[in-house]
Amino acid sequence: MTGHTWSTRGHWHKSVSQLILLAFLVPLHTPGQTRSPSLGDRPRHSDAKGKKKQPLDKAFVLVGGGDIASCKSLEGARATAKLIEQIPGTVFAAGDLAYEKGSATEFKNCYDPTWGRFKDRTRPALGNHEYGVPGAGAHAYFEYWGTRAGPAGKGYYSYDLGAWHIVVLNTNCGFRDVGGCDKDSQQEMWLKEDLREHPNTCILAYGHHALFSSGVFKKHAVHPELKPLWEDLYAAHADLVLAGHEHSYERFASQDPEGNADPEGGIREIVVGTGGRSHDPLGFATPNSEVREWETFGVLKLTLSPEKYTWEFIPEEGKPFRDSGSGVCHNQPSDAK
């Protein structure tokens, strides 16, 4: 019995020794082992997920405009590109980037030599002219931008700049490829979920078309089909919405999706279709319109801080018009209010 007991212990000690040896020889993680899919392996609409978080106490610059490069005349786009060249930060391009049809040739010959110089720091939005090639579904736009434009074929996505969550919308609601902007449309459901996943953040959205505008031709200027998207943004206490389409500059006071003034919880809309294409005159002022100008190309510079934001319209060289101001982030931490 005693001999048998020691023999068993001998085998036990030998087994333990082998296990200890294996523990030193076999790494805890082997590269060849099955892994979870990386972020690049699966499509997603929000670039904010899974990336290294940016410091929340830092201010970030977002600068840009819409309605930019016309192959018929690049003078305006060159003038605004000179401004962006001097301003570090993320560039927003709010649609109608390469006229007239958003073709690959127009992107190459007209957008790329001007605002394309800032491609690696630009986050674009789709305009109606990007759908100018019949049946192409804005293919040249997605081909040019790659992953910087979000999931191919969608045209809506989001990203973060410090304490700010930035939402890029595809406001071309009537195009078949978009699928509308109605409640329970694919984009509206995505937006609602994206905002739900980013609570307690300052929120800025941009796209090409505006819900509010003093444009002369209302069918061109005002887009009530965007109201469901605005309602989601308003419910999430969004602060700013930027747009283009009207080739002019117009700033609104904070308001709700119905156009009622709401200085405490409303969304401030700024239309900045001043990227260089041409000028469109504005008509009589729409309610809550505070500033209007339609003779100056320029860019809008936003400084996004954790608890507030400032805006500044910077005109092309030689033009006097300017506009600036500041606002408070609705979703700032409660101890900062």
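The values are calculated or read from the model by the stated rules, or taken from the named source; none is laboratory data. In this text the structure is predicted, and so the values were computed from the model without any measurement. Neighbour counts are summed over all protein chains in view; Cβ atoms, including those assigned to glycine, are modelled from backbone coordinates with ideal geometry. For the accessible areas, the whole protein counts, side chains as well, though only heavy atoms, and no ligand, DNA or RNA atoms are used. Shrake-Rupley method; radii C 1.70, N 1.55, O 1.52, S 1.80 Å.
What tally of residues in region 144-160 results from selecting those that are among the aliphatic types (A, V, I, L, M), open to solvent by 10 Å² or more (accessible area, probe 1.4 Å) and either closer than 17 Å to residue 229 by Cα or outside any loop (DSSP other than H, G, I, E, B) (or both)?
0
Considering region 266-284 alone, what residues qualify as being open to solvent by 10 Å² or more (accessible area, probe 1.4 Å), within 15 Å of residue 221 (Cβ to Cβ) and in a strand (DSSP E or B)?
Listed by number, the list holds a single entry, 282.
When residues of region 285-332 are filtered for being part of a strand (DSSP E or B), over 18 Å from residue 217 (Cα atoms) and not polar (S, T, N, Q), how many remain?
19
Identify, please: which residue in region 219-240 is charged (D, E, K, R) and modelled with pLDDT of 95 or more and is, among those, surrounded by the fewest Cβ atoms within 10 Å (Cβ to Cβ)?
The qualifying residue surrounded by the fewest Cβ atoms within 10 Å (Cβ to Cβ) is 225.
Give the residue, chosen from 208, 237, that is outside any helix (DSSP H, G or I) and in contact with a Ser or Thr (Cβ under 8 Å, 6 or more places away or on another chain).
Sole residue among the options that is outside any helix (DSSP H, G or I) and in contact with a Ser or Thr (Cβ under 8 Å, 6 or more places away or on another chain): 208.
Could you go through region 180-197 and let me know if any residue there is more than 19 Å from the chain's Cα centre (by Cα) and assigned to a helix (DSSP H, G or I).
No, region 180-197 contains no residue that is more than 19 Å from the chain's Cα centre (by Cα) and assigned to a helix (DSSP H, G or I).
Counting just the residues of region 247-263 that are touching a residue at least 40 places away in the same chain (Cβ under 8 Å) and of a type in the set (D, E, K, R), which one comes out surrounded by the most Cβ atoms within 10 Å (Cβ to Cβ)?
Checking each candidate, the answer is 250.
Pick out the one residue from 304, 282 that is closer than 22 Å to residue 122 by Cβ, in contact (Cβ under 8 Å) with a residue 40 or more places away in the chain and not small (Gly, Ala, Ser).
Every option except 304 fails the conditions.
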